[in-house]
Ligand SMILES: [Zn+2]
């Protein structure tokens, strides 16, 4: 038996891009295994573009990011997680693709320290450039761990969003891979998830586009991140989130 250290070892590592992604994608795990979860956010949720934080009435990027962090902490208290279970990298919203080497090193470090049995993250679907960069970094961090001879966690992904015929689509995966596990939430769980999501006052317009239940996840496939996830424009290209796929692919290729 390996020595157990309850302060650092966790069964489940949840790696997401933004405050609220953990609840939208992984509420089943946060509800049912709150003591066993460690959550790593790879951005602080504050974009450089002023219109985002000005719309929210914040005076600066930093003020907006601080507000999102406070929302996250309140939401995680609903599930019973404390602040020692939460970490956030100092990366701006929409900058994750440009910070992939940092993401990869930080995620690999958490895998070495926490030795999780399971790691959850986003699928690679062209929904948001930060989500795709996170999926890339998790896949590659797992490969580094494996190359070091350390035990490999089960790499899982939850549903997010992507473009389907040019329209926003959430709640299922873009393309077929491994078997999908449906995790319907009981009414009391849905109430708690709603309460957690209500903490994200700055994100309500986006949150309204997701169903409360079921949660869906599957074993993550091994992605080829330099290939466009689907034909036609990606959701982040349609919404002009700062990247064309070719730019993302070049950043991924530089690390591969
Ligand atoms: Zn997100």
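What follows is calculated from the coordinates using simple rules that are stated; it is not laboratory data. Since the model is a prediction, treat every value here as computed from it, not as a measurement. Backbone-built Cβ (ideal geometry, glycine too); neighbour counts: all protein chains shown.
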Principal semi-axes in Å for the range 180-227 [√(5λ), Cα gyration tensor, largest first]: 26, 17, 8
For the range 1-151, average projected area of the Cα convex hull in nm²: 9.1
More than 22 angstrom apart: percent of Cα pairs within the range 12-255: 50
Principal axis dimensions, largest first and in whole angstrom, of the range 112-256 by Cα: 43, 37, 29
Within the chain, percent of DSSP bridges classed antiparallel, to nearest 5: 40
Order by protection proxy (mean Cβ within 10 Å, highest first), peptides 41-48, 65-72, 150-157: 41-48, 65-72, 150-157
Simple spin-label estimate for residue 66 and residue 117 in nanometres, 7 Å along Cα-Cβ: 4.1
For the range 36-118, Kirkwood radius (reciprocal of mean inverse C-alpha pair distance, Å): 13.9
Paired Rg and Dmax values of the range 74-193, which use every Cα atom, in angstrom: 15.9, 44
Kirkwood Rh and Cα Rg combined as Rg over Rh, evaluated for the range 24-83: 1.06
Selected from 124, 158, 52 as most flexible by GNM, with the chain as the system and alpha-carbon contacts under 10 Å: 52
Binned Cα-Cα distances of the range 198-256, short to long, each 5 Å bin given as a whole percent: 4, 13, 15, 17, 17, 19, 12, 3
Separation of alpha-carbon centers, the range 209-256 and the range 60-112, rounded to whole Å: 20
log₁₀ of I(q)/I(0) at q = 0.21, 0.22 Å⁻¹ - the range 149-202, Debye sum with one point per alpha carbon: -1.02, -1.04
